[in-house]
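These notes are about the structure you will find just below.
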């Protein structure tokens, strides 16, 4: 294939990937009048931030954002606290029980979420936790746990056993060896898992839809969906503005993980 | 403490390294408890519900129903329609996603100028909330304020048209799932040993032959893994399509999970919805099993 053709193909990809994003941005900056034009404009003629103000006025975005934040932080912390010792054990002790457990973690990904959400809903109802943020947090922990376990297990395995053993031989007990040697090396992986769990919870929609019934407890994805009513064009601007804002935390955290994942902290830790 | 220090990891003695040896059990317990309580428990409960007539009411009696739900499911025309749509969606999104991502990964693996921009763009959908992706594409497809009608000079209500809604939703599915697939395939491409390319270059093979005889066979395990995962994710998709169409128009985009959600949380048939979940699991496992078996045979 010639170089020109390759560039053409790459441009095609860039266009396909970028155009919905640019259209979202463009819609967020348009006046209702411009949106009603027959020929759509890419660049708003009179860019306005009014849609952002309207978005805050029309829906309780701040409240919903804070509730989403609360659930996502709680989910991330609880998941990692529960998963870290588990991941360590799964990585270090390769007996049949560990193998079965990790096999299950993989297999559980095949089951559709309905099979999980119905029993969880029934349990939460018995515990009077339906329609509460605590209930949603429990469900999110269940939802994120398998992948968090998988991620953390990978990070633990990347820490050479020899380092730990060397520390133990030097007279440090296992716990001291863990705290002094393993923990610092594991920190970036833990941060990445925390952020990943946060993003998963922040973005999650189906469980929130099932568990939360009242606007007073709604998380951000639910509030966003409520923008879409039969009201029509006039509300598209605020909708686009709110959608953009809701994406910011996920994007920022995702960018951080990307770098973290690549930071070669382990490079030279053994051979150095 | 001293016992631990003497035989740090049960390695020195070499006798017992099993999970039930002294040092292992206290550590493995925290591993098994979260897996059991938060993963095995709910799933087993969910699967058991498929064999009951559980309803959503607070004080309804639940009794064992045997295979009655499954019999009902097999004679439910709405289920079969949803199942057919789910398969069309699952297979076409997975295949298109794979082809599009493979092309992009091959381009990103070359020394081209726009690579940085494309790389960033290729990852963005990964981080976006599915709800936002759905809403964003509703803006693109919007009949009045949308982009497409102005671009093509048409007047189509894409997401409410009986024959266009499913293809329109499939395009969004492909857009959404491309990042993971591209990243995985790119990593696979980068781990293909350079010597292999050099060897066939000596033979005077063209770019196409190189791709067919070196890249594809080397990439095969990665391709099998990511397409299997994609298929599982796609067949279980809910949020994206719920936000785009709510399963409409007239059920034309009602994926199995949307059907199950309605049965469970609109009509209150918990047992029946769980049955649907079990049935989809069986189908997914059968499709994956067949696929992996064929791939393993061809690889020999």
In this structure, the FRET efficiency calculated for residue B:117 and residue B:151 from their beta-carbon separation, with R0 = 22 Å, to the nearest 0.05, is 0.50
Note down the Stokes-Einstein diffusion coefficient of region A:69-218 in µm²/s, whole number, using a Kirkwood radius over alpha carbon pairs, 10 °C, and 1.306 mPa s.
95
With chain A treated as a Gaussian network of Cα nodes joined by springs under 10 Å, which of A:189, A:63, A:95 yields the largest mean-square fluctuation?
A:95
Helix A:133-158 vs. chain A, principal-axis angle (Cα, 0 to 90°, nearest 10):
50
How far, in degrees from 0 to 90, does helix A:114-126 lean away from the longest principal axis of the Cα atoms of chain A, to the nearest 10?
90
If I model a spin label at residue A:69 and residue B:190 as a point 7 Å from the Cα along the Cα→Cβ vector, what separation in nanometres do I get?
3.4
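Which order results if B:87, A:151 are arranged by neighbouring Cβ count within 10 Å, fewest first?
Working: B:87 15, A:151 21.
Fewest-to-most Cβ neighbours within 10 Å comes out as B:87, A:151.
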Determine the relative contact order of region A:125-199: mean sequence separation of Cα pairs under 8 Å and six or more apart, normalised by residue count, in whole percent.
34
Could you give the spread of the C-alpha atoms of the protein assembly as shown along their three principal axes, from largest to smallest, in whole angstroms?
79, 75, 50
Output for region B:68-299 (equivalent-ellipsoid semi-axes, sqrt of 5λ from the C-alpha gyration tensor, Å, descending) is 36, 25, 14
On C-alpha positions alone, give me the angle between the axis of helix A:96-107 and the longest principal axis of chain A, in degrees, nearest 10.
10
With springs only between Cα atoms under 10 Å apart, run a GNM on chain B and tell me which of B:69, B:236, B:59 wobbles the most.
B:59
Gaussian network model of chain A, Cα springs within a sub-10 Å range: biggest mean-square fluctuation belongs to which of A:245, A:70, A:127?
A:127
FRET E, pair residue A:176, residue A:99, Förster distance 30 Å, beta-carbon r, rounded to 0.05
0.55
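Defining a contact as two alpha carbons under 8 Å apart and six or more residues distant in sequence, what relative contact order in percent does region A:49-262 show?
Details: 205 pairs, mean separation 76.8, N = 214.
Across region A:49-262, relative contact order equals 36 percent.
Laboratory data are not the source of any read-out in this text; all were calculated from the coordinates shown. Not measured: the values here are computed from a predicted model. Methodologically, a virtual Cβ is constructed for each residue, glycine included, from the backbone with ideal geometry; neighbour enumeration extends over all protein chains shown.
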